[in-house]
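Trainee: First, the structure itself, so that you have it in front of you.
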Amino acid sequence: MIPFLDLKSINLQHKEALKQAFERVLESGWYIGGKEVDSFEKAFGDYCGVAYCTGVANGLEALTLIFRAYKELGVMQEEDEVIVPANTYIASILAISENNLVPVLVEPDIQTYNIDPAKIEEKITSKTKAIMAVHLYGQCADMEAIHMIAQKFNLKVIEDGAQAHGALFKGKRVGSLGDVAGFSFYPGKNLGALGDGGAVTTDDAQLFEVISTLKNYGSAQKYYNRYKGMNSRLDTLQAALLSVKLPFLDAQNQRRREIAVYYQKHIKNEKVLLPTVVYEPLSHVWHVYVVRVKDREDFIDYMKNLEIGVMVHYPLAPHQQEAYSEFSALSLPITEKIHREVVSLPISPVMTDEQVQKVVSCVNLYG
Ligand SMILES: *Cc1c(COP(=O)(O)O)cnc(C)c1O
């Protein structure tokens, strides 16, 4: 059996250090906020190359808080529009609609699966306030083209970095490529906690201050509340565990990249369409390795019979979800085609060469 993602093995690599971090938190008697959170925020902000980082409860709330803060600052108001790729994970879109802003769905590029910059301008109206750049599957979106449009129309650029911790676009890290970024540390992400977690990174001091306040009941000073905030803090324990794992992120991304390069080179099957890398190799951290197959169900059955874990990211596009019935009349043929055909092959820093070779030989024999 080759699991899709062996989370247990990934974390057991750090067993002793994680136990020590747990003990440190246990013994400290300090379980919310404090030094562990401060030092992880500093480390992750430095890693991303930004001045400010604030830990939050999860990736969805990282993104939700960004829009909420822009509303508090008067940069956005209800019913303003946000450009977002139509094929993103639904959380990107939930963060927009949760704030009573309007998600404007734009088709992706069929090669990269990231937003197609050529299709953004036609969707811009007087209400458009931001572009959400999602680095889907681990590959950087076309930040140059996105920034050109954002400058022309005076829009904020918000990164959804939940699938791309550590990816570099022309030498700069995801998290520092826009005005602000949201991250998730859900266990299965490239940098994963042992539970939920998230962060916001930015160079904008004022935005940072508002988000840090909003996530703590809207209070910057205990028992005095400036905003009707929420409770969305990064747990002290998760921060301590993440501090153990962060120094290994680059090496783990590099192992993912090695596996991806091997797949790119050795998978040869005309029924299986491989992903495309458009920028330098470091621009992709391979959160998932996504191929397209016309008869997806048949391919999935085939792989399952061979005991190879595969998954689908994602079976149904956001505009096809019951939750977004207001979008059900939209026609987004590229997005719909992607959701019909994508399959993710196993990729993870703990896969062995033998496992990688087995996946290749099985895929090559599919027919
Ligand atoms: C995982 C993910 C999120 C949400 O993160 P959670 O921590 O699960 O809330 C947001 N956007 C994208 C693209 C994701 O993959």
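Trainee: Ignoring ligands, DNA and RNA, what percent of the 1.4 Å accessible area of the stretch 121-194 is carbon and sulfur? Spell out each step's value before the answer.
Mentor: Values: 1230 of 2510 Å².
That share works out to 49 percent.
Trainee: How much of the DSSP bridge set in the chain is antiparallel, in percent, rounded to the nearest 5?
Mentor: In the chain, DSSP labels about 60 percent of beta bridges as antiparallel.
Trainee: Here is a follow-up. For the chain, set up a GNM with springs between Cα atoms under 10 Å and report which of Glu297, Glu336, Glu16 has the largest fluctuation.
Mentor: With Cα springs under 10 Å in the chain, the top fluctuation among Glu297, Glu336, Glu16 is at Glu16.
Trainee: Find the relative contact order for the stretch 283-367 and round it to a whole percent, using C-alpha pairs within less than 8 Å whose residues are 6+ positions apart. Spell out each step's value before the answer.
Mentor: Working: 83 pairs, mean separation 36.4, N = 85.
Dividing the mean separation by the residue count of the stretch 283-367 yields 43 percent.
Trainee: What is the projected area of the convex hull of the Cα atoms of the chain, averaged over all directions, in nm²?
Mentor: Details: hull surface 72.5 nm².
Averaging across all directions leaves 18.1 nm² for the Cα convex hull.
Trainee: Oh, and also: Pull up all non-local amide H partners of Ala220: gap of 5 or more, or a different chain, and H-to-H distance under 5 Å with H placed in the peptide plane.
Mentor: HN-HN under 5 Å from Ala220: Arg226.
Trainee: With an 8 Å Cα cut-off and a minimum separation of 6 or more residues, compute the relative contact order for the stretch 219-367 in percent.
Mentor: 29
Trainee: Taking the Cα centre of the stretch 249-360 as origin and charging only Cβ (+1 Lys, Arg; -1 Asp, Glu), how large is the dipole, in debye to the nearest 20? Walk me through the numbers on the way to the answer.
Mentor: Values: 13 positive and 15 negative charges, 60 e Å.
For the stretch 249-360, the charge dipole is close to 280 debye.
Trainee: Right, something else. Ignoring ligands, DNA and RNA, how do Phe153, Phe327 rank by accessible area with a 1.4 Å probe, largest first?
Mentor: Details: Phe153 75, Phe327 30 Å².
Output order, biggest surface exposure first: Phe153, Phe327.
Trainee: Let me ask another. With contacts defined as alpha carbon pairs under 8 Å and 6 or more residues apart, what's the relative contact order of the chain in percent?
Mentor: Numbers: 753 pairs, mean separation 79.8, N = 367.
Here the relative contact order equals 22 percent.
Trainee: Could I ask something else about it? Rounded to whole Å, give me the distance from the Cα center of the stretch 59-102 to that of the stretch 179-222.
Mentor: 14
Trainee: Report, in debye and to the nearest 20, how large the dipole of the stretch 12-61 comes out about its Cα centre when Lys and Arg carry +1 and Asp and Glu carry -1 on their Cβ. It would help to have the intermediate numbers written out before the result.
Mentor: Numbers: 5 positive and 8 negative charges, 22 e Å.
That gives a dipole near 100 debye.
Trainee: Also, quick follow-up: How large is the accessible surface per residue of the stretch 173-301, computed with a 1.4 Å probe and reported in Å² as a whole number?
Mentor: Details: 5640 Å² over 129 residues.
With the other protein chains kept in place, the stretch 173-301 gives 44 Å² per residue.
Trainee: Ignoring everything except DSSP H segments at least 4 long, calculate the 222 nm mean residue ellipticity for the chain; use -39,500 (n - 2.57) per segment, divide by total residues, nearest 500. If you can, show how the numbers build up before the last one.
Mentor: Numbers: 12 runs with 137 residues, N = 367.
The helix-only estimate for the chain comes to -11500 deg cm²/dmol at 222 nm.
Trainee: Calculate, in nm to one decimal, what Glu209 and Phe248 gain on full extension: separation in residues at 0.36 nm each, minus their alpha carbon distance.
Mentor: Stretched out fully, the Glu209 to Phe248 stretch lengthens by 11.1 nm.
Trainee: Spelling out what I want: for every residue of the stretch 345-360, take phi, set θ = phi - 60°, compute 6.51 cos²θ - 1.76 cosθ + 1.60 (Karplus), and round to whole Hz; glycine and proline get x.
Mentor: 8, x, 8, 5, x, 9, 5, 8, 4, 4, 5, 5, 5, 5, 4, 4
Trainee: How big is the charge dipole of the chain about its Cα centre, in debye rounded to the nearest 20, if each Lys and Arg gets +1 on its Cβ and each Asp and Glu gets -1 on its Cβ? Provide the component values of the computation, followed by the final result.
Mentor: Values: 37 positive and 45 negative charges, 102 e Å.
Dipole size: approximately 480 debye.
Trainee: Once amide H atoms are placed 1.01 Å from N in the peptide plane, what residues at a sequence separation of 5 or more from Thr128, or on another chain, have their amide H within under 5 Å of its amide H?
Mentor: Residues meeting the criterion, in which the H sits 1.01 Å from N, are Glu81.
Trainee: For Glu159, list long-range residues whose amide hydrogen, built 1.01 Å from N in the peptide plane, is under 5 Å from its own amide hydrogen.
Mentor: Amide H neighbours of Glu159: Ala133, Asp179, Val180, Ala181, Gly182.
The values are calculated or read from the model by the stated rules, or taken from the named source; none is laboratory data. This structure is a prediction, so every number in the text was calculated from the model and none was measured. Cβ sites come from the backbone with ideal geometry, for glycine too, and all protein chains shown count toward neighbours. With ligands, DNA and RNA removed, areas are computed over all heavy atoms of the protein, side chains included. Shrake-Rupley method; radii C 1.70, N 1.55, O 1.52, S 1.80 Å.
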